[in-house]
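*Asks:* Can you keep this structure in mind? I'll have questions shortly.
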Amino acid sequence: MKKRLSGLLIAMALLLLLTACGSTGNSDNENSSQQNKESVQAAESKGAYDAGKADDADKNVIVVYFSWSGHLDSMAHWVADETDGDLFRVTAKEDYPEDYNETADRAKSEQDNGVRPEINIDLTQEQMAKYDTVFLGFPVWWYDLPMPMWTFLESYDFSGKIIIPFFSHEGSSNGANALPTVEALANGADFRKDDALSIRGGKVDSSENDVREWVRSLDY
Ligand SMILES: Cc1cc2nc3c(=O)[nH]c(=O)nc-3n(C[C@H](O)[C@H](O)[C@H](O)COP(=O)(O)O)c2cc1C
C-alpha cells in the first residue's frame, strides 16, 4: 500500500513537472514569436524608410537662378538647402551696372532687341543631363524673364525634366510674361507653373520659412 502511494506521488510530481515545463516552453515560444513579429515590423518599417530615402536620393535636383540685387540669391540658397540640390548662379559675362536706372535701361534694350547676353555658368551638358528636377529662380524684369535666363534656357536640353519656378517682383505678382516665356523656351519639359512661388522683393528677407515650407509642400 505504502509502495503504491509513493508510486502515485512520484507520478503526480512528474506530471506537475511536465506541465510546468510545457507552459514555460509555450510562453517562450509566444515571446519569441512576438519578438519575431516586432523585428519583422521594425525591418519592414526600416525598409519603407530606406525606400523613402532612396526615393529622395533619386530626386536629382538642380537649383539655377539669376539675381541682380540679391533677393533670388537668398531664395535660391534656401531652396537648395531644403532640396539638397546643387546650386548654380547664372551671371551675365558683361556685368550689369550697379546703378538701377542703368541696369533698367540695358535690360529694356536687351529685351526690345531680343539680345541673348552671354552667360557664365559652370555646368556641362552631361552634368545637366543627370538632373531630373530644375528649380528655376529669377526676378521679373520688364514684365518678363531677364534675358540672361533666356540664354540659359536655350543652352540646355530640358526635355523630360520637371521645372519648378520661383521668382521675386515688385508688383508683377503673377510673374507677368515670365512664366509663359519659360514654358515656351523649355520645350518638352514638364513645367510646373501652377506650383510657382512668388515673393515680393521687399518681403524676401523675412520669407525663409515660407520658401522652405513651399519646397516641403512639393515633396522635396
Ligand atoms: C531691370 C529691372 C526690371 C524690373 N522689372 C520689374 C517688373 O516688370 N515687374 C516687377 O514686379 N518688378 C520688376 N523689377 C523688380 C524686381 O523684380 C525685384 O526687385 C526683385 O525682387 C529683384 O530680385 P533680385 O534682388 O534677385 O535681383 C525690376 C527690377 C529691375 C532691376
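The values are calculated or read from the model by the stated rules, or taken from the named source; none is laboratory data. None of these values were measured; they are calculated from a predicted model. Neighbour counts run over all protein chains shown; Cβ positions are idealised from the backbone, glycine included. The area values use the complete protein model at the heavy-atom level, side chains included, leaving out ligands, DNA and RNA. Shrake-Rupley method; radii C 1.70, N 1.55, O 1.52, S 1.80 Å.
*Asks:* Which residues, taken from the stretch 87-106, are under 32 Å from the mean Cα position of the chain (by Cα) and in contact (Cβ under 8 Å) with a residue 12 or more places away in the chain?
*Replies:* 87, 88, 89, 90, 91, 92, 93, 96
*Asks:* Go through the stretch 69-145 and tell me which helices (runs of 4 or more DSSP H), entirely inside it, have 3 or more residues that are closer than 23 Å to residue 158 by Cα.
*Replies:* Numbers: elements: 71-83, 100-112, 125-129.
Fully inside the stretch 69-145 and qualifying: 71-83, 125-129.
*Asks:* Follow-up question, since we're still on this one. Considering only the stretch 142-161, I want to know if a residue exists there that is hydroxyl-bearing (Ser, Thr, Tyr), near the ligand (Cβ under 9 Å from one of its atoms) and under 17 Å from residue 200 (Cβ atoms).
*Replies:* yes
*Asks:* On to the next question. Considering only the stretch 124-136, I want to know if a residue exists there that is closer than 16 Å to residue 67 by Cα and modelled with pLDDT of 95 or more.
*Replies:* As a first pass, look at the stretch 124-136 and keep what is closer than 16 Å to residue 67 by Cα: 135-136.
Those left that are additionally modelled with pLDDT of 95 or more: 135-136.
Yes, because at least one residue in the stretch 124-136 is closer than 16 Å to residue 67 by Cα and modelled with pLDDT of 95 or more.
*Asks:* Sticking with this one: Test of understanding: among 137, 160, 175, which residue is out of contact with any Phe, Trp or Tyr (no Cβ under 7 Å at 6 or more places or on another chain) and farther than 15 Å from residue 111 by Cα?
*Replies:* Result: 160 is the single residue among 137, 160, 175 that is out of contact with any Phe, Trp or Tyr (no Cβ under 7 Å at 6 or more places or on another chain) and farther than 15 Å from residue 111 by Cα.
*Asks:* Quick check: is even one residue across the stretch 112-119 within 16 Å of the ligand (Cβ to nearest atom) and within 24 Å of residue 198 (Cα to Cα)?
*Replies:* Step one: list which residues in the stretch 112-119 are within 16 Å of the ligand (Cβ to nearest atom), which gives 112-113, 115, 117, 119.
Narrowing the set further to residues that are within 24 Å of residue 198 (Cα to Cα) leaves none.
No - not one qualifying residue is present in the stretch 112-119.
*Asks:* Out of all the residues in the stretch 146-183, which are in a strand (DSSP E or B) and either touching a strand residue (DSSP E or B) at 6+ places or on another chain (Cβ under 6 Å) or among the aliphatic types (A, V, I, L, M) (or both)?
*Replies:* We begin by selecting, within the stretch 146-183, every residue in a strand (DSSP E or B); these are 162-169.
162, 163, 164, 165, 166, 167, 168 - these are the residues of the stretch 146-183 that are in a strand (DSSP E or B) and either touching a strand residue (DSSP E or B) at 6+ places or on another chain (Cβ under 6 Å) or among the aliphatic types (A, V, I, L, M) (or both).
*Asks:* Name the one entry in 202, 160 that is open to solvent by 30 Å² or more (accessible area, probe 1.4 Å), more than 21 Å from the chain's Cα centre (by Cα) and not acidic (Asp, Glu).
*Replies:* On the way: 160 fails: more than 21 Å from the chain's Cα centre (by Cα).
Of 202, 160, the one residue that is open to solvent by 30 Å² or more (accessible area, probe 1.4 Å), more than 21 Å from the chain's Cα centre (by Cα) and not acidic (Asp, Glu) is 202.
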